[in-house]
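**Q** If you scroll down you'll find the structure; I have some questions about it.
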2 protein chains.
Amino acid sequence: MREKNSADRCECTVIHEEVVNMVKSKMPDEEKLYDLAELFKVFGDSTRIRILWALSESDMCVCDIASLLNMTQSAISHQLRILKQTRLVKNRKEGKVVYYSLDDGHVKQVFEMGLFHINE
Amino acid sequence: MREKNSADRCECTVIHEEVVNMVKSKMPDEEKLYDLAELFKVFGDSTRIRILWALSESDMCVCDIASLLNMTQSAISHQLRILKQTRLVKNRKEGKVVYYSLDDGHVKQVFEMGLFHINE
DNA sequence: TGAACATATGAATATATAATCATACGTATA
DNA sequence: TATACGTATGATTATATATTCATATGTTCA
């Protein structure tokens, strides 16, 4: 029955039904794959990735980052919010100044994985 | 002089000029970070990530994938083109049928890295 | 050769999202 | 307490991109 519905939607004959069923049984939860895509999406923007890279070198305040990347304070602040929501960065407030830093060590590992691929 | 320009753009005083200069000297090439963002962007779509995951289980033809993911053949075909351009998948033709498979082993590693983060 | 089918693709549409702009908020200090 | 400054944020705009739709391409087989 599920196959029928799929066939309706994909408008083509299932060529290898056994393969499809096997793969379907092994696929992770839909939700988990969506979360994974969301995580990668955060890394998939050059502004955010440059912010993350910068923070892997040193904690910095919003103004520092804006200066470093030659962008407006507002643009940086918006992106930092996204990075914070994803728990990739955290911040601490000292008076008027807010310092941002990486929230965990995985960020660097994900970077290295990506560069490894590119450098081939 | 570079600092002046940055200050113009970021519309705020550089708070820690030494930090900014230090980080600036350690940042990878702009181009490399853009490439990295582009790579992650490809992973940052749930359709593409589900395709990649499926192909990590078994080679499949376009029709199989469309059936598996309950999407149209056209949508899958468009996404496969992007995955092929990024050299994440490759294909072989057998008659009318085109079989897609992962182009290298890094894909799986990148997945695992991402899931590791999510599962915390 | 013509019909059927698997796949690819250009154009159009719909939606997501990054940057900008104006402004609000919070803190230090004069 | 008024001003200056660092930061945050809602609304708008501009752009990117995922999907759909219609159709083209290429292959098999009768």
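**Q** For region B:11-22, name all the residues that are within 15 Å of DNA strand D (Cβ to nearest atom) and in a helix (DSSP H, G or I).
**A** B:Glu17, B:Val19, B:Val20
**Q** Oh, and also: Go through region A:95-117 residue by residue and tally those that are more than 9 Å from DNA strand D (Cβ to nearest atom) and either out of contact with any Phe, Trp or Tyr (no Cβ under 8 Å at 6 or more places or on another chain) or modelled with pLDDT of 95 or more (or both). Explain how you work it out, then say what you get.
**A** Of the residues in region A:95-117, the ones more than 9 Å from DNA strand D (Cβ to nearest atom) are A:101-117.
After this cut, where a residue has to be either out of contact with any Phe, Trp or Tyr (no Cβ under 8 Å at 6 or more places or on another chain) or modelled with pLDDT of 95 or more (or both) as well, the list is A:101-105, A:107-109, A:112-113, A:115-117.
Residues flagged as more than 9 Å from DNA strand D (Cβ to nearest atom) and either out of contact with any Phe, Trp or Tyr (no Cβ under 8 Å at 6 or more places or on another chain) or modelled with pLDDT of 95 or more (or both) within region A:95-117 amount to 13.
**Q** A further question on this structure: Within region B:85-102, can one find any residue that is of a type in the set (S, T, N, Q) and near DNA strand C (Cβ under 8 Å from one of its atoms)?
**A** Our first condition is that a residue be of a type in the set (S, T, N, Q); within region B:85-102, this holds for B:85-86, B:91, B:101.
From what's left, near DNA strand C (Cβ under 8 Å from one of its atoms): B:91.
Within region B:85-102, one or more residues are of a type in the set (S, T, N, Q) and near DNA strand C (Cβ under 8 Å from one of its atoms).
**Q** Which of (1) crowded, with 17+ Cβ neighbours inside 10 Å; (2) among the small types (Gly, Ala, Ser); (3) within 11 Å of DNA strand C (Cβ to nearest atom) is the odd one out, the single condition B:Ala54 does not satisfy?
**A** Only one criterion is unmet by B:Ala54, namely (3).
**Q** Among the candidates B:Gly95, B:Gly105, which residue alone is more than 7 Å from chain A (Cβ to nearest Cβ) and at positive phi?
**A** Matching residue, one of B:Gly95, B:Gly105: B:Gly95.
**Q** Mind counting the residues in region A:44-73 that are within 13 Å of DNA strand D (Cβ to nearest atom), of a type in the set (A, V, I, L, M, F, W, C) and at the interface with chain B (Cβ under 7 Å from one of its Cβ atoms)?
**A** Residues meeting the conditions: 6.
The values are calculated or read from the model by the stated rules, or taken from the named source; none is laboratory data. These numbers were taken from a predicted model, which means no experiment stands behind them. Backbone-built Cβ (ideal geometry, glycine too); neighbour counts: all protein chains shown.
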